[in-house]
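The values are calculated or read from the model by the stated rules, or taken from the named source; none is laboratory data. Remember, it's a predicted structure, so these values are computed and weren't measured experimentally. A quick note on method: Cβ atoms are made from the backbone with ideal geometry, for glycine too, and the neighbour counts reach across all protein chains shown. Ligands, DNA and RNA are excluded from the accessible area calculation, which covers all protein heavy atoms including side chains. Shrake-Rupley method; radii C 1.70, N 1.55, O 1.52, S 1.80 Å.
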Amino acid sequence: MIDPVEPLDDGRTPARIFPVGPAEIPLAVPRDPAHGDLATSIAMATARLAGREPRELAAELADRLRESLPAFVSRVEVAGPGFLNLHVRTSAKQDIVLRILTAGADYGRTDRGRGERVNLEFVSANPTGPPVVVSARAAAFGSTLANLLRASGWDVTCEYYVNDTGSQVAALGASLRARWRETRGEPLAIPDGGYHGLYLAEMAAAMDGAEAAAWDALPDAEATAAFAGYALERLGRQIRAQMETFRSPFAVWFSERALHDTGAVDAVLRLFEAKGLVYEKDGARWFRATDFGDDKDRVVVRRDGTPTYFLADAAYHKDKLDRGFDKAIDVLGPDHHGHVTRMQAIARAIGAPAGWLEILLLQWVTLVDGGETVAMSKRAGDFVTMADLVDEVGVDVARAYFLARRRDSHLEFDLALAREQSSKSPVFYAQYASARIAGVLRKAGEAGLAPADRRDLDDLAMREELDLVRQLEQFPDLVADAAEAREPNRLFNYLQDVATLFHKFYHEHQIVSEDDRLSRARLALCRATRQVLANGLALMGVEAPERM
RNA sequence: GCGCCCGUAGCUCAGCUGGAUAGAGCGCAUGCCUCCGGAGCAUGAGGCCGCAGGUUCGAAUCCUGCCGGGCGUACCA
């Protein structure tokens, strides 16, 4: 309904806006339907400049607007301290119902991203243990953001960076080896910095004895590597399966070790050297991160000659750049915010354009069971895994729980609450609306009513009906805005509002009645509502059941 | 010390990049199905939006400074 008048940013100077015609006035959709369908605060913003009273100025603007009103606007009124509220013609709202039904599953798609290629990296948790709850939050966030971006015209590649080499992996190998020896009756001796989780004991118990014995007989470094390789393979498979189950698929699983093997790490080191960004001190080689605003320089090659994770990360981002992505988004866990500056330094050092790398930080998830905080430490082996969480509350509830929160809010996940009261959990509100509509449609199908045509829709004129349409109309913009702001939680909030407006409509009006024409019209509105709920829930990776 | 994030109803959290009387869920109190799904709807109690300044016609929202809480500040990843 706002096609003929593009809403504008508020960024221009009042002097430029005031003298020109109505098409240049910035418009926004008011929260409260009583305030119209489009509104502007232009009169208040420019009153002082014009030396006039806001309401008086608004009245004059309203008169001018009325002279050249777009066809879809029915009336203009001055309200409150000087707002100009535009009301959209009822017939234009009725049109929207048909537009939604025609677009079907495509309703909500736009081309705002214009095909720009985005690399979206998220989760990327070390494969040294089963994914934990924070990974579930990252998976829910990342996959939903990917869905939103794709729906809005971006070309997105979801990527998981696998840290399959380095000291953590060596510790993993040594820990598994210790667990295996334990199965042979030796005392348990997990090395310092090793992993104490029982999952390694279970893994060790299931190992092929002859093979493991052969590995154990190798020199320490080789033995550790062999056990580590075994553990990585098993854990990697587990992680992939769980991400699939959680509806968070990745197109690329990128191996850190491959960067070393192919010489990409060496290459980026030579690149930095050629740019004069590396120097030697205390036997190690340092990257001049301070040149890029970091508070200290960073080691890239240790005294013992091995490259650091930081250097591999530089090689990794160079690889993303070389693959031609217009933009790289990294979703990082809460314990990585100290990396932001140095990673931006990397981006500039590898020659990426300004703004190419975007880093999004997620905040902590505190797991609570009843009133008790559940401790989670992968190394200490005391944790609730992502799989546990899904078993307890299901994928829908878990995803919705995470998606309801802003990414930078620390969130408390109460297992007891989610488990015992899952049927009352917020996600079911929108799902229930969807199922309720499906029920009504089934009933209508039995009554043998034909689909509505445009003339039938003339009967949609009640406030609850039009408020609902007004909400449905905003879906495509909401999706694209949420994608651009990287705020999937907006989608959750929006769907809650859709459900609320539907329930109010449902409560106030009989959908299937003796009046066939009105029944057809209301059923069309129901179908359109269900379409928006289904499309929105699909973007969230949550099911929209026919029955509950 | 320095840096990042967060302080909104009893609890968990929203508040759409500055708008009109600050919202939801849970919990509490009270009404609604002889009628399409009551997992719903309606009403009520409950708020110096951490504190103090500033910008603005207008601030929960932007800026500064405090006070609280979390996290980071490795030749681990």
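Of the residues that make up the stretch A:416-436, is at least one surrounded by 17 or more Cβ atoms within 10 Å (Cβ to Cβ), within 19 Å of the chain's Cα centre (by Cα) and more than 8 Å from RNA strand B (Cβ to nearest atom)?
Scanning the stretch A:416-436, I find at least one residue that is surrounded by 17 or more Cβ atoms within 10 Å (Cβ to Cβ), within 19 Å of the chain's Cα centre (by Cα) and more than 8 Å from RNA strand B (Cβ to nearest atom), so the answer is yes.
Are any residues in the stretch A:78-106 open to solvent by 60 Å² or more (accessible area, probe 1.4 Å) and under 20 Å from A:Asp37 (Cβ atoms), and if so, which ones?
Scanning the stretch A:78-106 gives A:Pro81, A:Phe83, A:Arg89, A:Asp95, A:Arg99.
Based on what the data block shows, is A:Ser91 away from RNA strand B (no atom under 11 Å from the Cβ), among the small types (Gly, Ala, Ser) and not in a helix (DSSP H, G or I)?
no
Checking A:Pro70 against (1) in contact (Cβ under 8 Å) with a residue 40 or more places away in the chain; (2) part of a strand (DSSP E or B), only one condition comes out false. Which one?
(2)
Would you check if there is a residue in the stretch A:168-188 being under 29 Å from A:Ser143 (Cα atoms), surrounded by fewer than 22 Cβ atoms within 10 Å (Cβ to Cβ), at pLDDT below 95 and not charged (D, E, K, R)?
Checking the stretch A:168-188: at least one residue is under 29 Å from A:Ser143 (Cα atoms), surrounded by fewer than 22 Cβ atoms within 10 Å (Cβ to Cβ), at pLDDT below 95 and not charged (D, E, K, R).
For residues in the stretch A:158-178 being touching a residue at least 24 places away in the same chain (Cβ under 8 Å) and of a type in the set (A, V, I, L, M), which is farthest from RNA strand B (Cβ to nearest atom)?
That would be A:Leu176.
Please go through the stretch A:324-339 and pick out each residue that is outside any loop (DSSP other than H, G, I, E, B), open to solvent by 10 Å² or more (accessible area, probe 1.4 Å) and of a type in the set (Gly, Ala, Ser).
Within the stretch A:324-339, just A:Gly338 meets the criteria.
Consider A:Ala347 against the criteria (1) crowded, with 19+ Cβ neighbours inside 10 Å; (2) under 25 Å from A:Glu159 (Cα atoms); (3) within 16 Å of RNA strand B (Cβ to nearest atom): it satisfies all of them except one. Which criterion is unmet?
(3)
Please state which one of A:Arg302, A:Arg342, A:Arg298 is under 17 Å from A:Val268 (Cβ atoms), within 11 Å of RNA strand B (Cβ to nearest atom), among the charged types (D, E, K, R) and exposed (fewer than 15 other Cβ atoms within 10 Å of the Cβ).
None of the other options fit; the residue is A:Arg302.
I need the full set of residues from the stretch A:129-177 which are among the small types (Gly, Ala, Ser), touching a helix residue (DSSP H, G or I) at 6+ places or on another chain (Cβ under 8 Å) and closer than 18 Å to A:Glu222 by Cβ, in order please.
Within the stretch A:129-177, A:Gly166, A:Ala170, A:Gly173, A:Ala174, A:Ser175 qualify.
Name the residues in the stretch A:150-172 that are under 22 Å from A:Asp319 (Cα atoms) and among the polar types (S, T, N, Q), would you?
Correct list: A:Thr157, A:Asn163, A:Thr165.
Among the candidates A:Ser135, A:Ser124, A:Ser143, single out the residue that is assigned to a loop (DSSP other than H, G, I, E, B) and either within 15 Å of A:Pro249 (Cα to Cα) or without any contact (Cβ under 8 Å) to a residue 12 or more places away in the chain (or both).
A:Ser124
Confirm whether A:Pro30 is assigned to a loop (DSSP other than H, G, I, E, B), at pLDDT 90 or above, surrounded by fewer than 20 Cβ atoms within 10 Å (Cβ to Cβ) and within 14 Å of RNA strand B (Cβ to nearest atom).
yes
Would you confirm whether or not the stretch A:277-285 contains a residue that is within 8 Å of RNA strand B (Cβ to nearest atom), touching a residue at least 12 places away in the same chain (Cβ under 8 Å), farther than 22 Å from A:Tyr161 by Cα and in a strand (DSSP E or B)?
Yes, that holds for at least one residue.
Could you grab me the full set of residues in the stretch A:189-204 that are assigned to a helix (DSSP H, G or I), surrounded by 11 or more Cβ atoms within 10 Å (Cβ to Cβ) and without any contact (Cβ under 8 Å) to a residue 24 or more places away in the chain?
Scanning the stretch A:189-204 gives a single hit, A:Ala201.
Scan the stretch A:496-521 for residues that are under 29 Å from the mean Cα position of the chain (by Cα), more than 8 Å from RNA strand B (Cβ to nearest atom) and surrounded by fewer than 19 Cβ atoms within 10 Å (Cβ to Cβ) and jot them down.
A:Asp497, the sole residue that qualifies.
Residue by residue through the stretch A:370-392, note down the ones that are touching a Leu at 6+ places or on another chain (Cβ under 8 Å), surrounded by fewer than 22 Cβ atoms within 10 Å (Cβ to Cβ) and modelled with pLDDT of 80 or more.
A:Glu392
Counting only residues that are open to solvent by 30 Å² or more (accessible area, probe 1.4 Å) and among the aliphatic types (A, V, I, L, M), which one in the stretch A:242-263 is farthest from A:Asp319 (Cα to Cα)?
A:Ala251
Out of A:Leu269, A:Leu321, I need the residue that is free of Cβ contacts under 8 Å to residues at least 40 places away in the same chain, buried (at least 16 other Cβ atoms within 10 Å of the Cβ) and not assigned by TED's automatic domain parsing to the domain that holds A:Glu487. Which one?
Testing whether each residue is free of Cβ contacts under 8 Å to residues at least 40 places away in the same chain, buried (at least 16 other Cβ atoms within 10 Å of the Cβ) and not assigned by TED's automatic domain parsing to the domain that holds A:Glu487 leaves just A:Leu321.
If a residue has to be open to solvent by less than 40 Å² (accessible area, probe 1.4 Å) and of a type in the set (A, V, I, L, M) to count, how many in the stretch A:68-77 make the cut?
So the answer is 2.
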